[in-house]
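The values are calculated or read from the model by the stated rules, or taken from the named source; none is laboratory data. This one's a predicted model, so the numbers in the text were calculated from it and none came from an experiment. Every residue, glycine among them, receives a Cβ derived from its backbone with ideal geometry; neighbour counts consider all protein chains shown. Quick note on the areas: whole protein, heavy atoms, side chains included, nothing else; ligands and nucleic acids left out. Shrake-Rupley method; radii C 1.70, N 1.55, O 1.52, S 1.80 Å.
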Amino acid sequence: MLISSGAILSIIILVMNILFAVTVIFLERRNVVVTWAWLLVLIFLPVVGFVVYIFLGQNLNRRKVYRLANEQISTLHEIVLKQHSELESMTFHDPAAEQHRRLIQMNLVSGHSVYTQDNEVTIYTDGMEKFADLLQKIKDAKHHIHIQYYIFRGDNLGYEIIQALARKAAEGVEVRLLIDHLGSINTPSNFFDDLRGAGGKVEYFFPLKLPTLSLRLNFRNHRKLVIIDGTIGYIGGFNVGDEYLGLSPRFGYWRDTHLRIEGSAVRQMQVQFLMDWHVSQKSKDSDHFNKVEYPYFPETPGRGRAGIQILSSGPNNAEEQIKNAYIRMITSAQRYIYIQTPYFIPDESMYAALRIAAMSGVDVRLMMPGKPDHKFVYWASISYFEHMLEAGVSCYVYKKGFLHAKTLVVDGEVASVGTANMDIRSFRLNFESNAIIYDSTSAAKLARIFLDDLEHCDQLTLEKYKKRPLSLRFRESIARLLSPIL
């Protein structure tokens, strides 16, 4: 019996797909859940799925992104080893911080995150206040302004910041702006011409070779860092755009959390910015950026007493440092865990840690936005609620506007504020940075902010959750299957 050309083509495609699955997925040595998610893509989208994988699925942790010289690696290891040896005998300014000595140790060893405790922390939850303060500090800058955002809109706020930066560059202040190319894809390059013309420098992280394509498309720099004169640092959830001021008709009020840090913790923020900048430079002739020079790392002692570690993670490292810090914080809880995140797609370890904490009697509360900005991700997020509710986790939906904060507070003793959402993308695919704060005063403030936000929330009960429409359940199920690669 003759086989039709169509059947032959189908067999060829099937064989190719099997070869793609074996050689591309399994040889990457991925997490099993992620592997199965990519297998589904390959099965249901023959050939096309392989193309999607090429652009979205490659494993970056086998590639060296940050290339440090031997002397830089040696210096870094010396600092880490010195603090590690002193950790057991360290005197903590806040007695509560001593209870989290093992968390500090883990972050130090796995993330080279140095602990400092001379920091002053200011918390911002409103975009108007945060950007008014940032613009004033830009105006006061004397030597350098290093600024890094995932999204930088070409709107009124973006224009105001660019003009402020251009004025400082014209005065002779060193201004360097680093933005993620995909996150800011809708902002044309010429929007930054005034800054370039004044002497400022602008670079894109992992620039896209074609308008929307790159072999590193899926690995984005989600960090939001500003370092001014090496003494003031900003870190948190706000990007640059009018919607972050609450001016978007679609989202309304924008609820986020951002920190201004003054103290020695700014040094580690500076290191991370310089590393990202060096990766992004078209020309690698600014070797002085790899040296510990006074203008970038001034010895000015901090005025505060808050303990902080700046912890960074990214797809270039298999350790998932921020996720591990979250889990360590969750498992250490004795009284309560308060979480705010715009997206909730935990892996099994995080999912289990939260449910175990709740079943152990810890007051676990999770707050998410009531209106989605990415529907597919939102469907995947709410698919996790049923077992969370059954375990005793209290789930809340924020209704006042859009909740974009990425905060975790444990027992009023330790907290995390930064750029990492509680999802697999932030844990494995994005470059992220968080401030882990070991300070009862700051943690208590963040806990109070969470409780105040409850006034603008609806609590989701298990009974109410189970009454959701069948069509929504179907969408959740599909999104849940693909959640490891969203």
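Structure summary
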item	result
Tally, over segment 387-399, of residues that are open to solvent by 60 Å² or more (accessible area, probe 1.4 Å) and within 23 Å of MET359 (Cα to Cα)	2
Any hit, segment 375-383, residues being farther than 17 Å from SER477 by Cα, part of a loop (DSSP other than H, G, I, E, B) and either open to solvent by 20 Å² or more (accessible area, probe 1.4 Å) or in contact (Cβ under 8 Å) with a residue 60 or more places away in the chain (or both)	no
Residue under evaluation SER184, criteria (1) at pLDDT 95 or above; (2) assigned to a loop (DSSP other than H, G, I, E, B); (3) crowded, with 21+ Cβ neighbours inside 10 Å, criterion not met	(1)
Residue in segment 326-363 that is farthest from GLU432 (Cα to Cα), counting only those that are among the aromatic types (Phe, Trp, Tyr) and open to solvent by 20 Å² or more (accessible area, probe 1.4 Å)	TYR336
Residue in segment 249-256 that is out of contact with any strand residue (DSSP E or B) (no Cβ under 8 Å at 6 or more places or on another chain) and not aliphatic (A, V, I, L, M) present	yes
Filtered residue count, segment 400-423, keeping only those that are open to solvent by 10 Å² or more (accessible area, probe 1.4 Å) and in contact with an Asp or Glu (Cβ under 6 Å, 6 or more places away or on another chain)	1
Residue in segment 364-373 that is outside any helix (DSSP H, G or I), open to solvent by less than 10 Å² (accessible area, probe 1.4 Å), touching a residue at least 40 places away in the same chain (Cβ under 8 Å) and farther than 17 Å from TYR326 by Cα present	no
Complete set of residues in segment 145-169 that are open to solvent by less than 10 Å² (accessible area, probe 1.4 Å), within 12 Å of PHE191 (Cβ to Cβ) and either part of a strand (DSSP E or B) or among the charged types (D, E, K, R) (or both)	PHE152
Segment 432-464, residues that are more than 23 Å from the chain's Cα centre (by Cα) and open to solvent by less than 10 Å² (accessible area, probe 1.4 Å)	none
Any pair with Cβ under 6 angstrom, 6 or more apart, that starts in segment 467-478 at a residue that is open to solvent by 80 Å² or more (accessible area, probe 1.4 Å) and ends at one that is part of a helix (DSSP H, G or I)	ARG475/TRP379
